[in-house]
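Just below is one structure, and these are the notes that go with it.
All of the numbers you see were taken from the coordinates with simple rules; none came from a lab. The shown structure was predicted, so the numbers you read here are calculated from the model rather than taken from an experiment. Cβ sites come from the backbone with ideal geometry, for glycine too, and all protein chains shown count toward neighbours.
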Amino acid sequence: MVEYGAAIDAQISQLLASRGRVTPDMVAGVEPNDAAELLQRYVEVHSGETPLVFDGNVLTWASQPTGAVDSGYQPTLSPVDQVSSLSRTGSLLDSPPSGGKVPGWLWVAVFFLGAPGGVLAWFVARDTNRQTARTMLIAGIVVTVISACVPLAFLPSLGFLGGGASAEWPASTTGRPTFYYFGTPN
Amino acid sequence: MKPVVDGLQAQYQGRVDMLVYGDVNNDQKANAFAAGKGVSAVPTMMLVSPDGKELERWVGTTSEEELVRAFEAAAGP
């Protein structure tokens, strides 16, 4: 048997204030049978202050219709529950950072280092300005792609990939292979 | 290199057609033709199959044996 004390009283008061109703199983650290007795004791102690009703199973305010629990009545949410049950739409603190000033040297890193610079800039700027950080990352990737494509476009004219060695030659009219010599008299 | 080519020209007459531009530095037409074929140094030699496919290209001097081997492979028996 648990002794009714200040701790139990405070716990029940808090539950009643926050939930609007208290059942024995809601009392922490106490067996339900003992909790029922404690709730009954709570009603006796506080009967002079607040009109309370305990039907053996539920402790609630006396203003709540008697028998409401048995009929499936659910009390309205307490102020605490009403706040905690609100759907979160996100506060300004939760929203991603935007509009912050990003150091100019990050753009230099993006254009000189390409994708690695873009990743670096994204890491540095993402907490300051997420939109700019994303733009820097994309710009870095684009710079890398362009810097890779430009030399590839010139390779054939430089003689790589067979571009210089595979000149167009006329077919032989004699059906024989042709030997070309470009040289000097010596 | 030119004497070697002259010798091969005689040796493979009738089996390999020879187009010899022996003074490409002073022959403007030969120079333009060589530039169109991607020649950037002399001597440069090419062996082209009857259907116009470039089989071999030598830039700089090469041995007569190397040329003979290519000629034999291209001209056949």
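Points to keep in mind about this one:
- Put simply, the Cα atoms of region A:102-143 extend 22, 16, 11 Å along their principal axes, the longest span coming first.
- Calculated FRET efficiency for the pair B:S40/B:A10, C-beta based, R₀ 22 Å, to 0.05: 0.15
- Take the Cβ atoms of A:F111 and A:F154, set R0 to 22 Å, and the FRET efficiency comes out at 0.60.
- Shielding by other protein chains, A:47-58, mean Cβ within 10 Å: 0
- Per residue of B:44-53, other chain Cβ atoms within 10 Å of the residue Cβ number 6 on average.
- Each residue of chain B gets 95 Å³ once the volume of the Cα convex hull is shared out per residue.
- Bridging of A:K101 to aspartates and glutamates at a Cα separation below 15 Å is possible for A:D127, once same-chain residues fewer than 8 apart are set aside.
- Reachable lysines from B:K29, criterion Cα separation under 23 angstrom, eight or more residues apart if same chain: B:K2, B:K37, B:K53
- Among A:48-59, A:12-23, sorting by the average number of other beta carbon atoms lying within 10 angstrom of each residue, highest first, gives A:12-23, A:48-59.
- With a 10 Å cut-off around each Cβ of B:1-12, the average count of Cβ atoms from other chains is 2.
- Pairwise FRET efficiency - A:T173 versus B:N25, Cβ, R0 = 30 Å, nearest 0.05: 0.55
- Value of relative contact order over chain B, rounded to a whole percent, pairs C-alpha under 8 Å and six or more apart: 26
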